[in-house]
Each structure stands twice: as C-alpha cells, then as structure tokens.
Amino acid sequence: MASLKELRNRINSVKSTQKITSAMKMVAASKLRRAQEAAEEARPYAERMERMVGALAATVLGAPGAPPLLVGNGRDQTHLIVVVTSDRGLCGGFNGNIVRDVRKQVRDLREAGKTVKMITIGRKGHEVLKREMGDFIVETYDSVAGQKGVTYEEARDIGGRIRELFDHEAFDVCTVVYNRFKSAMTQVVTHQQLIPFALPDTVETGVGTGAGRAGAAQAVYEYEPSQDGILAELLPQNLSVQVYRALLESYASEQGARMTAMDNATRNAGEMIDDLTLTYNRQRQANITKELNEIISGAEAV
Amino acid sequence: MAQKVELELVTPKALLRSLEADMVVVPGGEGDIGVLRHHAPMLSTLRPGVVDIHDNNEVSDRVFVAGGFAEVTEDRCTILAEEAVPMAELSQARAEQEMDAARKAAQEAEGDYAMRKAEQRMAVAEAMQAAVQEK
C-alpha cells in the first residue's frame, strides 16, 4: 500500500493534468467554432467554382487538346500524394488515421509498380512519414494553420507548387488525403483526386436535372477571351480552391478531434481522482484505526 | 428599368455581396463588360480593377477585385474574385502598402512560379493605386 504522502502527490498531479486537458478542450472548442465558420464562408466560392468548371468541362471532355490539368497527361506512372495532417498532437487518432491510410496507399501503389512522391502538410505527419519513407517526400509545409487559422494565400502557394511540379512532369496523378469534417466527434479520412480533376457527381448530374433555363444556358456560353484561355486560368485556381477546402476541413477536424480527445482525458482524470481519493481515505482510516489499536492495547497493558 | 440583375460577388473567404442591381460593370480580361438582365450567357476572366454596381441611376457600390472570373447567365452575374475589397475601405495608404509589399516580393522572387506570382501582385497593386486615385 502506498503511503499517504505518495497518494496525496498522485492526486495533486492528476488534478493539474485534468486542469490542462480541460483548458485544452475549451480552447479547441472555441477554435472549432471559428474553423467551422471559416469552412462555411468558403463554401459559396467553391460551389460556384465547381459549377463553372463543371460547365466548361462538359464541353471539352473527350475533345483533343483538352488541358492536362483537367484530363491528365495520359500517363499513370508517378503518383503525388498530398498528406494533410496537423502541427500539434494530442488530438486522438487524427494524425494516426491519416498516416495509416497513406502507408497502405503507398504500399498498394508500389506493389502495382508505380512511383510515389509526397507532399506533407503539417509537422506531425511529416515526422512519422519522414522516418519510413523520407525519400518520397518532395516538399514539406508546416504550421499551415497558424494563429489566424487557414489562409487562402497558403493554399494558393501550395496549389502553385503542385502546378509547377505538374508542369515539369514530376508526376502524373495527384491525390490529396485529409480528414473530412463530419461532426465534432467524427472525422473521415478522404482521398480526393486533384489532377486529373475528378468532377464531383453533383456537377455532372446537375447539368441534366437543372431547370430548362439552366440546361439551355449551359450549352451556349460565350467565352472571353476563349474557352481555352479561361480554362487555363480557371483550372489552376480551382486547384488552389480544392487545396484550400482540404486545409479548412482538416483544420476543423483537428479541432474537433482534439476537443473529443481532451474531453475523454478530462473525464478519465476525474475517474482517476475519485479512485485515488477513495484509496487515500481508506488508507487514512486504516492508519487511524491502527494508531487507536496501539494506544488501547498500550493502556490495557499498564 | 424594372428588371434587375442578381449579383453575387464571392471570394474564397466570404460571400461579399449578394444583391440586385440595374447594371453591373465588370472589369473583364478584354475590356469592361456592362451586365444587364438578359445578357447572353458568358464566362470571362477578370483583370484587377473595380466592379461598379449601378442602381437607381447612380453608382451605388464599388468593389475592387484582384482578378478572377465572372459567370453571366440570363438573370445573374456571379463574380469569383481571388481577393476583393470594397472601395470604401480602400485608401491611398493601403494601396501604397500593397505596392511596397509587391516590390519586395518581386525582389525576393526565385523560380518561375514565384516570379509569376510577384508580377501578378505588382499588377494588382498598380490597379489598386489607379483605382484609389480615380476615387
């Protein structure tokens, strides 16, 4: 049995841990709210962008000379995986899930004889992946979500870098892997193909099911300067927007995951404190009883 | 003018304007475009410049955009701007600040992509200055 002093120390240390975890939970909760707002605000832009790309893509798909950003460069040899993780830990399985998924993907691709390259965003994922497959990592970004949260400028830089690599034919297919925000409790590891751009289903069906007006309008757009000219600007922009969206989702997921993890930790600490306090009190009582016994038996002996 | 055109001005950060106006003048990549209701459907690139919103026979609102795209349909004009600042919030000081930042970026730029980006930034800063002076 541990001594009373030891128990007291133990209880105090668990109590201070609990204070930290509950503070972290609170911080994560307020950051989560802000992250969700940011994701919400970015949505209209992304939706309209998608609609535009969808409208344009429908007309150029299958046509010869379609831009490679949209239809790919015809090869499927080198895969670039953009891995989005967080800079900080203590957020449950958030980073672990991503890393596990990437590891599996890399193994599958290599078994199929493909070459793999990687861009890591976020320090945590980088640390783990560097150890296992540092040779594949071509670029690293960290602290994407700084004090202000995710900014579009950062997404644009990353998008620009991806485009640059693509222009130099450093890879053929680009996929981004991130945690999609489902609720504060659940994050879903999501793969999204950026190059060639995989049109969301909603866009493709949306063209057909839209009211007559929309259907008719879709077919007869005028382009200024030209269809190719617009695509040449729209596609890179779209790439950045998709990256931005992934970053926002990931950031919101991170805060959600941390909030849940810290909530659990706080609760566990509470249980531990209850247990320890019980043991402490029992021990204290036992000590008192023992002392009383000693006094009484001493008195009887006299 | 009974019939108005719906305008939506969105940036990656927010839906900045969503309103109805008589006419919207958009700085298109190949010249300004005045959009009224029943304009032919069109997609256009934008150059850095000012979007004028005309309503009730006056310019009711002006927003500076740093490039992007415009989608015009029969009853709607959607502007996707990379960055947008209402003219009311723009000042000489802000434009100069932007100009300095652009110059600095141009000096530090290395590689194709950074150079292109710095050039773009320069163009935006110049357009911003022009817009401020005009104001």
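The values are calculated or read from the model by the stated rules, or taken from the named source; none is laboratory data. Values in this document were obtained by computation on a predicted structure and should not be read as measured data. Cβ: placed from backbone, ideal geometry, glycine included. Neighbour counts: every protein chain shown. Side chains are part of the model used for accessible areas, which takes the heavy atoms of the whole protein and leaves out ligands, DNA and RNA. Shrake-Rupley method; radii C 1.70, N 1.55, O 1.52, S 1.80 Å.
Observations
- Take each residue of peptide B:112-121, count the partner chain Cβ atoms within 10 Å of its Cβ, and average: the result is 2.
- Taken about its Cα centre, the range A:220-295 carries a charge dipole of roughly 660 debye when the Cβ of each Lys and Arg holds +1 and the Cβ of each Asp and Glu holds -1.
- Non-local lysine pairs in chain A, meaning eight or more places apart or on different chains, with alpha-carbon distances under 20 Å, amount to 17.
- Directionally averaged projected area (the range A:1-122, Cα convex hull): 13.2 nm².
- Computed [θ] at 222 nm, helices only, for chain B once each DSSP H run of length n ≥ 4 contributes -39500 (n - 2.57): -10500 deg cm²/dmol
- Mean Cβ count within 10 Å, highest first, over the residues of peptides A:248-258, A:224-234: A:248-258, A:224-234
- 222 nm mean residue ellipticity, helices alone, for chain A (DSSP H n ≥ 4; -39,500 (n - 2.57); rounded to 500): -23000 deg cm²/dmol
- Carbon plus sulfur fraction of accessible area for chain B, probe 1.4 Å, in percent: 45 percent
- Note on A:48-58: average number of Cβ atoms from other chains within 10 Å of each residue's Cβ is 3.
- Extending 7 Å from the Cα toward the beta-carbon at both A:His168 and B:Ala109 defines two label points whose distance is 1.8 nm.
- Cα-based Rg and Dmax for the range B:91-134, where Dmax is the largest Cα-Cα distance (Å): 10.8, 35
- Looking at the protein assembly as shown alone, DSSP beta bridges between its own residues are antiparallel in about 65 percent of cases.
- Degrees, to the nearest 10: B:92-108 long Cα axis against longest axis of chain B: 50 degrees
- Overall, the ratio between the Cα radius of gyration of the range B:5-87 and 2.2 N^0.38 Å, rounded to two decimals, is 0.94.
- Mean Cβ neighbour count within 10 Å, used as a protection proxy, ranking B:63-72, A:93-102, B:95-104 highest first: B:63-72, A:93-102, B:95-104
- Expressed in units of 2.2 N^0.38 Å, where N is the residue count, the Cα radius of gyration of the protein assembly as shown is 1.31.
- For chain A, averaging the sequence separation of C-alpha pairs within contact (under 8 Å, six or more residues apart) and dividing by the residue count gives a relative contact order of 32 percent.
- Total buried accessible area between A and B, probe 1.4 Å, nearest 100: 3000 Å².
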